[in-house]
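The values are calculated or read from the model by the stated rules, or taken from the named source; none is laboratory data. Everything numeric in this text was worked out from a predicted model, so none of it was measured. Methodologically, a virtual Cβ is constructed for each residue, glycine included, from the backbone with ideal geometry; neighbour enumeration extends over all protein chains shown. Only protein heavy atoms, including side chains, enter the accessible area calculation; ligands, DNA and RNA are left aside. Shrake-Rupley method; radii C 1.70, N 1.55, O 1.52, S 1.80 Å.
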Amino acid sequence: MKLDYYGLGIAKGLMVTLKHLFRRPVTVQYPEQTLNTSRRIRGNELVWNEEKCTGCSTCAKACHIGAISIVTAPNPEGDKYPVEKYEIDTGYCIMCGMCVEVCPFEALYMGAGYEKAQYRRGDLVQSKEVMKYTSEKYVSGYFYPEFAAQLPLQTLLLEKITEEE
Amino acid sequence: MDLVPTRRFVYSDADLDQHEGEVIEALKARSQQPIPDQDQWLSEKAPEAGILLTSVDKVIDWARSNALWSVVCFPACCAFEFISTAASRFDISRFGMEIIRASPRQADLMITAGTLTWKMAPNVRRIYDQMAEPKYVIAMGACGISGGIFQSSYGVVPGYSRIVPVDVYVPGCPPRPEALLYGIRMLQDKISKAKVFRK
Amino acid sequence: MVMKTEPLVLNIGPAHPSTHGVFRMRATLDGEVIIDVEPIFGYLHRGIEKLAEERTYQQFIPLTDRLDYVSAMGNNMAYCMAVEKLAAIPVPERAEYIRVIMAELQRIASHLIAVGSFLNDCGAFMTPILYMVREREKIVDLFEMVSGQRLTYNYMRFGGLSQDVPDEFLPALRKFIDQMPRYLDEYDQLLKENEILLARTKGVGILSKETAINCSMTGPMLRGSGVPWDLRKADPYSVYSRFEFDIPCGARGDSYDRYRVRVEEMRQSVRIIRQAMEQLPVGPVRSKTPVMLIRPPAGEVYSHVESPKGELGFYLVSDGSIAPYRCHIRGPSFINLTALREMIVGWKVADAIVIFGSIDIVMGEVDR
Amino acid sequence: MTRAISGEELAAGLEQRIPGSIIGTSKESILVNNQSLLSLAAHLKTEPGLEFDFLSSITAVDYYDYFEVIYQLTSLEHNHSIVLKVRCHDRENPAIPSLVGLWRGAELQEQEIFDLMGIRFEGHPNMKRIVLWEGFQGHPQRRDFLSW
């Protein structure tokens, strides 16, 4: 007879449940609260610095899938090509960050925005006007420690649960 | 009397494999072009309708958009971001969709979490066909939108829009849970704009 | 009177919630007992090995993330080690230590998912996996901190890492490894002697030692059958020879043993991370290698690591160009399915799901 | 540390036991004659002192002129390893003896190679397409396969 064990397993299980009643909730109330993302976040956008870009197309070569399309005009004098078209198709982009890593002129950064869902496939293509770098833009510190230092610390589940926006 | 099994409906494994191959090839031949997005009406001006119909519309749309039940269609990587979204930290049940249905008959939302291959495509199409109207599809991640990095591969469908009509595209590889939730909220917006009674 | 029945063919999958992805089994049933089972793959065959031939060595790193997407860091490490062996690229000491920390964190995360979904298959619907995913979120947070993505990290490069870990990483990691054993104890308390779990898993799906070796099983499957074979000890790569840890082994080779092996491995991983943090040197994290293109000398190399699922090997053939001539991936989940028939035949359908859950496969790696 | 047995060292002993089985050797691998693959593999598996009981992986490489099938063998007992290579020159209808009888672990891998590379393994119990569907044209792992 295992009478003395009877129900002990259930009691043990319920004890664990009971403990959880007194723990802090882990849920993020997303649209109202947002998490601070990582300082190196690779969001669903790229930020393109027009002043620094020379139109060398290294980023387009590094891309696996040809998500970056770039058209430049010839420029006999000077060492920069004027960029006529600079587009990224976020429908193809996998945010691997290779283009940012290889850019020799530090003209391309990862963006931090991730709310980029669209109703239409064509809207996923980001043009150079959308991607243009301005000092107000929230740029990720992926491969750019000087940007990373300015960003807020990441919210960790380990430490605190959420931070009010 | 001896009962002799007719084996009329017993197929050999080779027959089944052969049949599966034929189905795949047929679907592949049929879906060379993406299905166009069916949302021209989103930018259209709302047609005139009576007060009664408008309020009935509102009630129905409210009910539809706040109880989206998702069907199990998680072929690949994005499934784990979907699990994270459904788990306690991002808690999808705040939007009335905590139930993830294994049966397509009880679901009205398909979140296409992962790469679709041609071998899997007939099954996905069948799941979609079995879902009850009205049904919605969220293409999650680069593979769901366009095939992503696998688009040049011989076995991969370049985007779910070849197989099923897609309502919302959520880019990312995989999208963060917040991004998926944003996509779900966009879908809810879209549903709440829909006119149930249209001329 | 003798009742005669005809065998019934039952198709499980590919869109079935308990097949962990798009796996399909064609089971032949006699009544409720499975008398034959044929695994059918290919529903996630993306041709990664072919895609490797069209890409440069560097560009293939993001694709390795999508092989076994539950343990992307481990795959990164395995592939980078193979190319480093092929092209004789040195790796700085600090990078090796950080790699080990990442690989072990990833092992914990992968085993959490494995255990959670295994318990899910045992009938505890959703509850255990919610706890496990919550712990995994903490690891994912740490990975996001170093690499910027939550699932596909693309963090390692040939000759080290893409970037050094940020300053806030090590305190957070210390906090995590202090917390983790407490949570593991809690789950043990909940599950180790749970009567339902014992009834469903003890003695179910026994895989004998000889069959396990003959079927080329690796990882927790092999160790659950009582073979203490772990590449971290048997063929130490990276800096694993500097750490002290045990190889947990099962005795009977049933589903319960495999589950226990995974839980114990998580404890050992915590132990390794703790030692690695103490010994972590300072210095560069990336040796001088080109960012874009490397041209390894012509030749071939086989390099393997102990991934959470088993032996993950990369066989690379180079012809001296910028892209691999041939890249073969020995996916542990794929080969672990060889013994599926041995384990499942003779059990009922409900047990088959439990046995299948204890194998812990990831379809991205099975089909590749 | 797993000791990689040198191919030359091993081949000298094997050549005496099974004459004519070894075509070439290198530092890590031995290149085996097609016909004597089975007997040589059986010898490697059972011979005391070698006992390669664990077949860790099988690969095939397409070199245009010939296919090369590569077996990575390990001994869990002695912790050493060797690489076996077999070549197959027929491009239209390549065939190689199957090792499933010795190592069950070869079963799925040989099937995958048959599917993706088109090499038939004679004696395999279930030689059919595994990852691609029936009716797929060509074998994608071959170098001359174009996906688009």
Sequence-distant aspartates and glutamates (8 or more away, or on other chains) whose Cα lies within less than 19 Å of residue A:61: A:45, A:50, A:84, A:87, A:89, A:101, A:106, C:53, C:54
Compute the Cα gyration tensor for the protein assembly as shown, then decide on rounded, prolate or oblate, letting a ≥ b ≥ c be the square roots of its eigenvalues: rounded whenever a/c is under 1.5, prolate when a/b is larger than b/c in the other cases, and oblate in all that remain. rounded
Roughly how many Å is it from the Cα centre of the stretch D:30-73 to that of the stretch C:256-332, as a whole number? 25 Å
Averaging sequence separations of C-alpha pairs under 8 Å and six or more residues apart, then dividing by the length of chain A, give the relative contact order as a whole percent. 32 percent
Students often check this: by mean Cβ neighbours within 10 Å, which of D:32-41, C:278-287 ranks highest, and how do the rest follow? D:32-41, C:278-287
Straight-line reach check, residue C:175, cutoff 20 Å on alpha carbons, 8 or more apart in-chain or any other chain, hits among lysines -> A:160, C:138
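I need to check one value: relative contact order of chain D, counting alpha carbon pairs closer than 8 Å and at least 6 residues apart, in percent.
19 percent
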Checking the stretch B:17-93 for trypsin sites (Lys or Arg not before Pro) in a loop per DSSP with at most 14 other beta-carbon atoms within 10 Å yields B:45
Whole-Hz couplings from phi, Karplus 6.51/-1.76/1.60, listed for the stretch C:258-265; x for Gly and Pro: 5, 5, 5, 4, 5, 5, 5, 5
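Using only atoms on other chains, find how many Cβ atoms lie within 10 Å of each Cβ of peptide C:204-217 and report the average.
Counting other chains' Cβ atoms within 10 Å and averaging over C:204-217 gives 3.
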Nearest 10 degrees, 0 to 90: helix B:51-65 Cα axis against chain B principal axis: 50 degrees
Check the straight Cα-Cα distances from residue D:85 and name the lysines below 26 Å, setting aside those fewer than 8 residues away within the same chain. C:50, C:85, D:27, D:45, D:128
Quick one: how many Å² of residue A:96 are accessible to a 1.4 Å probe, rounded to 10? 20 Å²
Mean separation of Cα contacts under 8 Å, 6 or more apart, over the residue count of the stretch C:47-365: relative contact order %: 28 percent
Between the stretch D:117-148 and the stretch C:166-240, the Cα center-to-center distance that results, in Å: 36 Å
Using only the alpha-carbon atoms, how far is helix A:8-21 inclined from the longest principal axis of chain A? Give it as 0 to 90 degrees, nearest 10. 50 degrees
Using alpha carbon coordinates only, what is the Rg to Rh ratio of the stretch B:68-199, with Rh defined as the Kirkwood radius? 0.96
Nearest 10 degrees, 0 to 90: helix C:127-147 Cα axis against chain C principal axis: 10 degrees
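Using heavy-atom solvent-accessible surface (probe 1.4 Å) with all chains present, what is the largest-first order of A:130, C:261? All intermediate terms of the calculation are to be shown ahead of the outcome.
On the way: A:130 80, C:261 5 Å².
Ranking A:130, C:261 by accessible area, largest first, yields A:130, C:261.
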Please work out the C-alpha center-to-center distance from the stretch C:60-137 to the stretch A:131-153 and express it in whole Å. 28 Å
Leaving ligands, DNA and RNA out of it, work out the accessible area of residue C:345 with a 1.4 Å probe and give it in Å² to the nearest 10. 60 Å²
Let me confirm one metric for peptide B:30-37, namely the mean number of other chain beta-carbon atoms within 10 Å of its residues' beta-carbons. 1
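I'd like the GluC sites (Glu not before Pro) in the stretch A:58-136 restricted to DSSP loop residues with at most 13 other Cβ atoms within 10 Å, sorted by number.
Here the sparse-neighbourhood loop sites are A:77, A:106, A:136.
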If ligands, DNA and RNA are left out, what is the accessible area of residue C:33 with a 1.4 Å probe, given in Å² to the nearest 10? 50 Å²
Largest-first ranking of B:193, D:85, A:85, A:116 by accessible area, probe 1.4 Å, whole protein assembly kept, is B:193, A:85, A:116, D:85
Taking each residue in C:140-147, count the Cβ atoms of any other chain within 10 Å of its Cβ, then average. What number comes out? 6
Candidate cut points under GluC sites (Glu not before Pro) in the stretch B:45-130, DSSP loop plus at most 11 other Cβ atoms within 10 Å of their own Cβ, are B:48
